[in-house]
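K.L.:
I am attaching a structure below and will ask some questions about it afterwards.
Readers should treat all values here as calculations from the given coordinates under stated rules, not as data from a laboratory. Everything numeric here is computed off the predicted structure, so don't read it as measured data. Here Cβ is always computed from backbone atoms with ideal geometry, including for glycine, and neighbour counts include all displayed protein chains.
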Amino acid sequence: MSYNVTQKLIKDHLVEGEMTPGSEIGLKIDQTLTQDATGTMVMLELEAMGIERAKTEASAQYVDHNLIQEDSKNPDDHLFLESAAQRFGLYFSRPGNGVSHPVHMQRLAKPGKTLLGSDSHTCANGCMGMLAMGAGGIDVAMAIAGEPFYVKMPKVWGVKVTGELPDWVSAKDAILEMLRRHGVKGGVNHVFEYYGPGLKNLSAMDRHVIANMGAELGATGTVFPSDEETKRYLKTQGREEDWFELKADEGATYDVHDELDLSEITPLIAKPSSPGNVVPVEEVEGEPIYQSYIGSSANPGYRDFAIASKIVEGKRVENGVSLDLNPTSRQMLIDLSQEGHIANFLQAGGRLHQAGCNGCIGMGQAPATGRNSLRTTPRNFPGRSGTKEDSVFLCSPETAAVSALYGKITDPRKAGIDYPKVRELEHPTVDTRLLDEPLPLEEAKQVDLVKGPNVASIPEMAELPNDIEVPILLKMGDDISTDEILAGGARVLPYRSNLPEISKFAFEIVDETYYDRAMDIRDDGGHAVVAGTNYGQGSSREHAALAPKYLGLRVAIVKDFARIHWQNLANFGVLPLTFTDESDLDDLEQGDVLIFKGLREGIKQSHKVEAEVKGKGKRLELEHALSERQIEIMQMGGLINWVKNRLEE
């Protein structure tokens, strides 16, 4: 039988289940990635489970999100993460070393391996011939402990790449073209696999850009083959011995077929407030801008900054425009400095920030109210930038740099500027001084976890009751993101290791009264929420499931879920249900009370679930997609209880 690259990766790591699309499979995980916004909870979960040592080939804890030291909370948590990495046998990437995804690509990514990360953009490392997937933190904790990762077997969406990118068009425009075609939920339960003659015209970092925003398509992952370009990249990082060729077999087939002719792509831009709201740049030309932001895990490469530097060299940013530079790794920042690019930016009026996620997660660089911000980031969900009423456009570095010079959105092809030719460095800096290696086991056993006053243990989780009567506390529409369920940013994320405190921000973007209303009835049986399609899109942060759970959320009923959030809800004992008749959502009102009977046995016996709308004489027919394993987890109140029970046995 002929296999494509995705199927080969799954076949080589399959430990449970069959490779039938839609069925649950268990995969052996070789590597894990955690960052500080989600990793604190992962480390607390490892402690709660009684785990002694990481059982993966390589696990890394990065500090890249919560870098602002406004008070002691973030630095305290950095010390906690460092001690936890030492205790559990993880690599530790110190603050300032860079964003997790490009740093992992530089130092640890290997063709043929599986990577699971508690960050939805972990899929970026699929550029290296890996099966790289985002997941909730507790799934990553389980993988660190040596347990399989369970996911629905995806279909494989083959994208044949031909042609070569024209001048003023880059890899960001290529992935925006995919989003223009398929939207933010078009890739759900699929892995996008890119192949074809056009790949020779995409660098490893170009592929990173495309793979990164596969998360915005809703995909399980994005996979590129491991070829000569992968080999070239690993050689530049001093890791050529980690390379081997991995490509699809002759005659391999795909479940879905697509073709991407690079030569036909034009400059594109995603309008507020969705990565799927993509139009040609020329359609929005002339819109005034306040900010032009270059960087993030979606455009983290040397070329992305160098080409912008050459565009602004010898020129000056328009008055009233903030040109923000967010370098994405320390070693790349060194190269940009040595090649004169940082000087170009600064002389043009740019503002240089530290190597990290920064404004992408709302950690600084928030735009002014009512003003347009151009960003090379992967997401523009409402409020994600840190400004509640934001207006964020997603675009390429070329479009961002040219527009900064003119003070308005500008098609870079029409700027009258000669197109700068920029090449990847043959001998980039390799610097591992801020990436600490795991301690030997006996030394690690002597490490005590350093817990500052903001670190709180995870509260006990109650089991699923048999009968519940819950009011609908929120009724929402389509495409509710995890940023709206639990915001990121400098106000919120410092409380990531303190569940009672971070819960105070739950759903505040949707309804500022939610927290108080939830607390009023938390001890009376809890509540439910209802919503439309693609519920929980975006970030993998499990706090978006944990915080509502802590506040008494028992059931979430929607038209359909985003993959990672659905899994997070199940992991923490919140029953995720979908409408069999989607029009039932229209008939429900906030404040309606739902009555469920015999849930514990009912979900085990059937995927159908019934609920009565109290006082309305209406019954809802609902369904769940939980596996037998997940049903057992649900009955026990969540994965932490399930693991603790297994360890006790």
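K.L.:
Given contacts defined as C-alpha pairs under 8 Å and at least six residues apart, what's the relative contact order of the chain, whole-number percent?
P.N.:
Relative CO of the chain lands at 15 percent.
K.L.:
For residue 429, list long-range residues whose amide hydrogen, built 1.01 Å from N in the peptide plane, is under 5 Å from its own amide hydrogen.
P.N.:
Correct list: 335.
K.L.:
I want the local charge near residue 185. Using Cβ-Cβ distances under 13 Å, sum +1 for each Lys or Arg and -1 for each Asp or Glu among the other residues.
P.N.:
Working: positive: 181, 559, 563; negative: 216, 478, 479, 560.
Counting the neighbours of residue 185, the net charge comes to -1.
K.L.:
Indicate, rounded to the nearest 5 percent, the antiparallel portion of the DSSP beta bridges found entirely in the range 5-264.
P.N.:
20 percent
K.L.:
Sticking with this one: Using the Karplus equation 6.51 cos²θ - 1.76 cosθ + 1.60 (θ = phi - 60°), what ³J(HN,Hα) coupling, rounded to whole Hz, does each residue of the range 116-121 give in order, writing x for Gly and Pro?
P.N.:
After applying 6.51 cos²θ - 1.76 cosθ + 1.60, I find 10, x, 8, 8, 5, 8 Hz.
K.L.:
Per 0.36 nm of contour for each residue apart, how much would the distance between residue 389 and residue 315 grow if the chain were fully extended, relative to their Cα-Cα spacing?
P.N.:
Computed gain between residue 389 and residue 315 is 23.5 nm.
K.L.:
Report P(r) for the range 268-414: all Cα-Cα distances, bin width 5 Å, range 0 to the bin holding the largest distance, values in whole percent.
P.N.:
Per 5 Å bin, starting at zero, the Cα-Cα P(r) for the range 268-414 comes out as 2, 11, 22, 25, 22, 12, 5, 1 percent.
K.L.:
If you wrap a convex hull around the C-alpha atoms of the range 218-268 and split its volume per residue, what is the figure in Å³?
P.N.:
Per-residue hull volume (Cα only) is 175 Å³.
K.L.:
Under the Kirkwood approximation for Rh and a Cα-based Rg, what ratio Rg/Rh is obtained for the range 483-564?
P.N.:
0.94
K.L.:
List the pair-distance distribution P(r) of the range 468-648, using every Cα-Cα distance, as the percent of pairs falling in each 5 Å bin from 0 up to the bin containing the longest distance, rounded to whole percents.
P.N.:
With a bin width of 5 Å, the distribution comes to 1, 8, 18, 22, 22, 17, 8, 3, 1, 0.
K.L.:
Also, I was wondering about something else. Per residue of the range 254-271, in order, report the coupling 6.51 cos²θ - 1.76 cosθ + 1.60 (Karplus, θ = phi - 60°) as ³J(HN,Hα) in whole Hz, putting x for Gly and Pro.
P.N.:
10, 6, 10, 10, 8, 9, 10, 8, 4, 5, 9, 7, 10, x, 10, 8, 9, 6
K.L.:
Additional query: In Å, the Kirkwood hydrodynamic radius of the range 1-122 over pairs of distinct alpha carbons? All intermediate terms of the calculation are to be shown ahead of the outcome.
P.N.:
Details: mean 1/r = 0.0634 Å⁻¹.
Over the range 1-122, the inverse of the mean reciprocal pair distance is 15.8 Å.
K.L.:
Strictly over 20 Å apart at the Cα level, which of 504/549; 155/549; 55/549; 11/152 would you flag in this model? Intermediate values should be presented prior to the final figure.
P.N.:
Details: 504/549 12 Å; 155/549 31 Å; 55/549 29 Å; 11/152 14 Å.
As for pairs spanning more than 20 Å Cα to Cα, those are 155/549; 55/549.
K.L.:
State, as an integer percentage, the relative contact order of the range 173-248 based on alpha-carbon contacts under 8 Å between residues 6 or more apart.
P.N.:
Contact order relative to length: 33 percent.
K.L.:
Mind listing the long-range amide H neighbours of residue 375? Cut-off is under 5 Å, sequence gap 5 or more, other chains count too, H placed in the peptide plane at 1.01 Å from N.
P.N.:
Hits under the 5 Å cutoff: 293, 393, 394, 395.
K.L.:
For the pair residue 247 and residue 15, how long in nm is the line joining their label points, each one 7 Å along Cα→Cβ?
P.N.:
3.2 nm
K.L.:
Out of residues 5 or more away from residue 33 or on other chains, whose amide H comes under 5 Å of its own, with H placed 1.01 Å from N in the peptide plane?
P.N.:
Here 60, 116, 117, 118 satisfy the definition.
K.L.:
Spin-label point model (7 Å from Cα, Cβ direction): what's the residue 648 to residue 463 distance in nm?
P.N.:
1.0 nm
K.L.:
Write down the percent of antiparallel bridges among all DSSP beta bridges whose residues are both part of the chain, to the nearest 5.
P.N.:
Here the antiparallel bridges make up roughly 35 percent for the chain.
K.L.:
How are the alpha carbon pair distances in the chain distributed across 20 Å bins from zero to the largest one, expressed in percent?
P.N.:
Spelled out bin by bin, the chain gives 20, 55, 23, 1 percent.
K.L.:
Extension gain residue 627-residue 597, at 0.36 nm per residue separation less the Cα-Cα distance, in nm?
P.N.:
On the way: separation 30, 0.36 × 30 = 10.80 nm, distance 2.05 nm.
Once the chain is fully extended between residue 627 and residue 597, it gains 8.8 nm.
K.L.:
Could you work out how far apart the two model spin labels at residue 52 and residue 352 are, taking each label as a point 7 Å from the Cα in the direction of the beta carbon, and quote it in nm?
P.N.:
4.8 nm
K.L.:
Taking the highest mean first, how do the peptides 17-29, 282-294, 484-496, 569-581 order by number of other beta carbon atoms within 10 angstrom per residue?
P.N.:
484-496, 569-581, 282-294, 17-29
K.L.:
Just the ratio, please: alpha-carbon radius of gyration of the range 304-353 over 2.2 N^0.38 Å, N its number of residues.
P.N.:
My calculation over the Cα atoms of the range 304-353 gives 1.05.
K.L.:
Kindly rank 591-601, 97-107, 422-432 from highest to lowest mean number of other beta carbons found within 10 Å of each residue. Let's see the in-between values first.
P.N.:
Numbers: 591-601: 15.7, 97-107: 28.0, 422-432: 14.1.
Those peptides, ordered most packed to least, come out 97-107, 591-601, 422-432.
K.L.:
Mind sorting 119, 483, 12 by how few other Cβ atoms lie within 10 Å of their own Cβ, fewest first?
P.N.:
The order, fewest Cβ neighbours first, is 12, 483, 119.
K.L.:
Restricting to the range 268-414, what percent of DSSP beta bridges are antiparallel, rounded to 5?
P.N.:
Looking only at bridges with both residues in the range 268-414, the antiparallel portion is about 25 percent.
K.L.:
Right, another one. Just to check I understand the Karplus step: with θ = phi - 60° and J = 6.51 cos²θ - 1.76 cosθ + 1.60, what whole-Hz values come out for the range 476-484, glycine and proline as x?
P.N.:
10, x, 7, 6, 6, 8, 5, 5, 7
K.L.:
Based on the inverse mean of 1/r over its pairs of different Cα atoms, what is the Kirkwood hydrodynamic radius of the range 263-341, in Å?
P.N.:
After inverting the pairwise mean of 1/r, the radius is 14.5 Å.
K.L.:
Counting pairs of alpha carbon atoms under 8 Å apart in space and at least six apart in sequence, what relative contact order in percent does the range 468-648 give?
P.N.:
22 percent
K.L.:
Does anything in the range 552-589 have its amide N under 18 Å from the 7 Å Cα→Cβ label point of residue 608, and if so which residues?
P.N.:
Answer for the range 552-589: 577-584.
K.L.:
Using the 10 angstrom Cβ neighbour count as an exposure proxy, how do 341, 607, 65 rank, fewest first?
P.N.:
Listed from fewest to most nearby Cβ atoms, that is 607, 341, 65.
K.L.:
Work through the residues other than residue 413 whose Cβ is under 10 Å from its Cβ and net out their charges, Lys, Arg +1 and Asp, Glu -1.
P.N.:
Details: positive: 414; negative: 167, 282, 398, 411.
Result for the neighbourhood of residue 413: -3.
K.L.:
Using unit Cβ charges (K, R positive; D, E negative) and no other charged atoms, how large, in debye to the nearest 20, is the dipole of the chain about its Cα centre?
P.N.:
Numbers: 67 positive and 97 negative charges, 168 e Å.
Dipole magnitude for the chain comes out near 800 debye.
K.L.:
Kirkwood Rh, the range 60-216, all Cα pairs: how many Å?
P.N.:
Values: mean 1/r = 0.0581 Å⁻¹.
After inverting the mean inverse Cα-Cα distance, the result is 17.2 Å.
K.L.:
After finding the eigenvalues of the alpha carbon gyration tensor for the range 1-59, what semi-axes result from the square roots of 5 times each, listed largest first in whole Å?
P.N.:
29, 13, 12
K.L.:
So which lysines pass the test for residue 614, namely a Cα distance under 19 Å, with those fewer than 8 places away in the same chain ruled out?
P.N.:
The reachable lysines, counting only those whose Cα sits under 19 Å from residue 614, are 475, 597.
K.L.:
For the range 138-218, which semi-axes, largest first and in whole Å, follow from the square roots of 5 times the eigenvalues of its Cα gyration tensor?
P.N.:
28, 14, 12
K.L.:
Cβ under 14 Å from residue 41's Cβ, residue 41 left aside: what net charge do those residues give with Lys, Arg +1 and Asp, Glu -1?
P.N.:
Values: positive: 451, 496, 541, 549; negative: 36, 45, 47, 77, 119, 139, 501, 542.
It works out to a net charge of -4.
K.L.:
Taking the Cα atoms of the range 580-629, what is the range of coordinates along each of the three principal axes, in descending order and whole Å?
P.N.:
So the extents along the principal axes, rounded to whole Å, are 33, 21, 16.
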